[in-house]
Amino acid sequence: MSYSSFTSASVQGVDGRLVAVEVDLASGLPQIAVVGLPDPAVRESVERVRAALRNCGFQFPMQRITVNLAPADMRKEGTAYDLAIAAAILSASGQLEGRPFEETLVIGELALSGELRSVPGVLPMAAEARRLGLRRVLVPAANAAEAALVGGLDVYSARSLTELAAAFRSGGGWGALLRDREEETASGASAEPGLGAELDYADVIGQHAAKRALAIAAAGRHNLLLSGPPGTGKTMLIRRLPGILPPMSREEALEVTKIGSVAGKLQRRGALMDKRPFRSPHHTISAAGLIGGGSIPRPGEATLAHRGVLFLDELPEFPRGALEALRQPLEDREVTLARARAVYRFPASFQLAASMNPCPCGYLGAQAGSSGQPECSCSQTAIDRYRARISGPLLDRLDLLVDVQRPPALDGSQSGMGSAEMRGLVARAVQAQEGRSPASGTAWNGELSGPALRRAATLEPEAARLLQQAFDRLGISVRAHDRILKLARTIADMEGFERIEAPHVAEAIHYRRLPGWS
């Protein structure tokens, strides 16, 4: 037989795509051609496969070899095809029986010695194989536990090409490889470990209003901005936000782990990332780094923060283009990147938390707590220019704008709410939202829109009048009107009210303005 076909896979965006690896042997001068839009890493696989076959005791066919990666109109990149190409060459040259590999996904990188090395993106590849009805997946031993997270597939692994061939030559077949996989995964944990002791809001002295705002943000998945002088605890407050967020469901954990697999961010293979992501990029980041990009797009920080928090410290210092690129993901909960050959979509359902100073020097409006309190030295022109770095449309997409001032005293008794108490408030609101989620189609108030928002946010007459007055007198946009409504719904949920009352609307309106901002 001079023809053989195996099934491998690639990653497009954060989703797996199956790829047929076809090999044809023909008479002619010995040479090998790889077709199907391969990138340099795929073309170089020829030399890795050649050396691996020889070092494992196989004969590399001295014929004209054509390797086709289908579909041919999709660009192929990475090293995940090595094992499938090697197995297809062995099968086409009669050195390996190809029939046992039917309905099998084959992925893995080959070392020159024939050792199998791990590859990124195994989780979405295996998920796509299950969706399309494949029965089993063959991966390097280091990827076996990760592939097993998908469920519904028989996962087999090998440490080298020699071990794989020996299993079938001895008659043991898949059963000989199954034992090795079980040994690899027996000691694996079921969840990604935490990053250390959890930070507690009890460590933050004072800042009662800011803590309440953060509890509201966590309860309804609302975007927020903290503004205040340096040293008032803005960063401390936001870095403790993940500690009061509700735990992820298994479906959410699989989504986050799939993104981590594609990006090569898994700390432990075969462990679900069950902690909500917290991403804090530096303000020098580019737009492509923030939302993703490249000739073959890769996930950016917005996608890496999916189901978690994206923290932008010193918001006005970020490039204007990068901030403006966030406007679409904040509305659509996904990043869409168009390229000549394909459109890539990355999930980006994150909670934006940002902080900033009120002016370039940072001390505008600072409360004079002592004779040594610095005073603002900025001109009005400099202040206006600094604030203009954040566009109105972006600011309109933030639900809570919170002024954070220095605490009046450093008495530990003024610490106020701790994380445990705040988690209790969040849990009450989450429970109320879960009760409405079948009708609204979302589990979070911050994601409500259209008719679902109107059904969920039932206003008492006085609350409706107050909201209409705010819309008429403050000149807020329709988007801001709806965000006030979502925020009021979350505040009512935290306090156990089925209908939104006037105090809930008043508090939500309060969060729409910062002191000194027009």
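The values are calculated or read from the model by the stated rules, or taken from the named source; none is laboratory data. Computed from a predicted structure; not experimentally measured. Please note: Cβ atoms are built from the backbone with ideal geometry, for glycine as well, and neighbour counts cover all protein chains shown.
Quick one: count up the residues across region 289-316 that are of a type in the set (D, E, K, R) and in a loop (DSSP other than H, G, I, E, B).
Residues that pass the stated criteria total 3.
Just give me the residues in region 397-417 being at pLDDT below 90 and of a type outside the set (A, V, I, L, M), in sequence order.
Residues satisfying the conditions are GLN405, ARG406, PRO407, PRO408, ASP411, GLY412, SER413, GLN414, SER415, GLY416.
Only residues that are in contact (Cβ under 8 Å) with a residue 24 or more places away in the chain and in contact with a helix residue (DSSP H, G or I) (Cβ under 6 Å, 6 or more places away or on another chain): list them for region 454-476, please.
Those that are in contact (Cβ under 8 Å) with a residue 24 or more places away in the chain and in contact with a helix residue (DSSP H, G or I) (Cβ under 6 Å, 6 or more places away or on another chain): ALA456, ALA457, GLU462, ALA463, LEU466, LEU467, ALA470.
Quick check on my filter: what residues within region 48-76 are in contact (Cβ under 8 Å) with a residue 60 or more places away in the chain and assigned to a helix (DSSP H, G or I)?
If the condition is that a residue be in contact (Cβ under 8 Å) with a residue 60 or more places away in the chain and assigned to a helix (DSSP H, G or I), then ARG48, VAL49, ALA51, ALA52, LEU53 are the ones that fit.
For (1) part of a loop (DSSP other than H, G, I, E, B); (2) among the β-branched types (Val, Ile, Thr); (3) within 24 Å of PRO242 (Cα to Cα), each residue gets a yes or a no:
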| site | (1), (2), (3) |
| --- | --- |
| ARG423 | no, no, yes |
| ALA452 | no, no, no |
| ARG489 | no, no, yes |
| ARG513 | yes, no, no |
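Residues to consider are LEU18, LEU29, LEU37, LEU69; find the one that is hydrophobic (A, V, I, L, M, F, W, C), surrounded by fewer than 20 Cβ atoms within 10 Å (Cβ to Cβ) and in contact with a Lys or Arg (Cβ under 6 Å, 6 or more places away or on another chain). It would help to see each step written out before you state the result.
Numbers: LEU18 fails: in contact with a Lys or Arg (Cβ under 6 Å, 6 or more places away or on another chain); LEU29 fails: in contact with a Lys or Arg (Cβ under 6 Å, 6 or more places away or on another chain); LEU69 fails: surrounded by fewer than 20 Cβ atoms within 10 Å (Cβ to Cβ).
Step by step, each of LEU18, LEU29, LEU37, LEU69 is checked, and only LEU37 is hydrophobic (A, V, I, L, M, F, W, C), surrounded by fewer than 20 Cβ atoms within 10 Å (Cβ to Cβ) and in contact with a Lys or Arg (Cβ under 6 Å, 6 or more places away or on another chain).
What do you reckon, is LEU105 assigned to a strand (DSSP E or B), in the same structural domain as ALA9 (by TED's automatic domain parsing) and either modelled with pLDDT of 90 or more or within 29 Å of ALA271 (Cα to Cα) (or both)?
yes
Can you pull out the residues in region 249-265 that are under 13 Å from the mean Cα position of the chain (by Cα) and not in a helix (DSSP H, G or I)?
GLY264, LYS265
Please verify whether PRO503 is in the same structural domain as GLU252 (by TED's automatic domain parsing), at pLDDT 90 or above and more than 30 Å from THR381 (Cβ to Cβ), treating the condition exactly as stated.
yes
Mind telling me which of the residues ALA158, ALA129, ALA84 ends up being in contact with a strand residue (DSSP E or B) (Cβ under 7 Å, 6 or more places away or on another chain), more than 24 Å from LEU272 (Cβ to Cβ), at pLDDT 95 or above and small (Gly, Ala, Ser)?
After applying the criteria, what remains is ALA84.
Restricting attention to region 233-248, does a residue exist that is buried (at least 21 other Cβ atoms within 10 Å of the Cβ), among the hydroxyl-bearing types (Ser, Thr, Tyr), modelled with pLDDT of 90 or more and over 10 Å from the mean Cα position of the chain (by Cα)?
no
LEU315 - would you say it is under 17 Å from GLY446 (Cβ atoms) and out of contact with any helix residue (DSSP H, G or I) (no Cβ under 6 Å at 6 or more places or on another chain)?
For LEU315, the condition - under 17 Å from GLY446 (Cβ atoms) and out of contact with any helix residue (DSSP H, G or I) (no Cβ under 6 Å at 6 or more places or on another chain) - is not met.
Run down LEU177, LEU153, LEU134 and say which single residue is modelled with pLDDT of 90 or more, in the same structural domain as ARG99 (by TED's automatic domain parsing), crowded, with 20+ Cβ neighbours inside 10 Å and of a type outside the set (Gly, Ala, Ser).
Going through LEU177, LEU153, LEU134 in turn, the sole match is LEU134.
Within region 326-363, how many residues are hydrophobic (A, V, I, L, M, F, W, C), part of a loop (DSSP other than H, G, I, E, B) and crowded, with 21+ Cβ neighbours inside 10 Å?
4
Check THR79 against each of (1) in contact (Cβ under 8 Å) with a residue 60 or more places away in the chain; (2) under 20 Å from SER295 (Cα atoms) and name the one condition it does not meet.
Unmet for THR79, out of (1) in contact (Cβ under 8 Å) with a residue 60 or more places away in the chain; (2) under 20 Å from SER295 (Cα atoms): (1).
Assuming GLN433 fulfils every condition listed in (1) part of a helix (DSSP H, G or I); (2) more than 33 Å from the chain's Cα centre (by Cα) apart from one, which condition is it?
Of everything listed in (1) part of a helix (DSSP H, G or I); (2) more than 33 Å from the chain's Cα centre (by Cα), GLN433 misses just condition (2).
List the number of the failed condition for GLY108; all other conditions in (1) farther than 20 Å from GLY260 by Cβ; (2) buried (at least 22 other Cβ atoms within 10 Å of the Cβ) hold.
In the conditions (1) farther than 20 Å from GLY260 by Cβ; (2) buried (at least 22 other Cβ atoms within 10 Å of the Cβ), GLY108 misses (1) alone.
Which of the following residues is surrounded by 18 or more Cβ atoms within 10 Å (Cβ to Cβ), outside any helix (DSSP H, G or I) and assigned by TED's automatic domain parsing to the domain that holds GLY172: SER91, SER10, SER113?
The unique qualifying residue is SER10.
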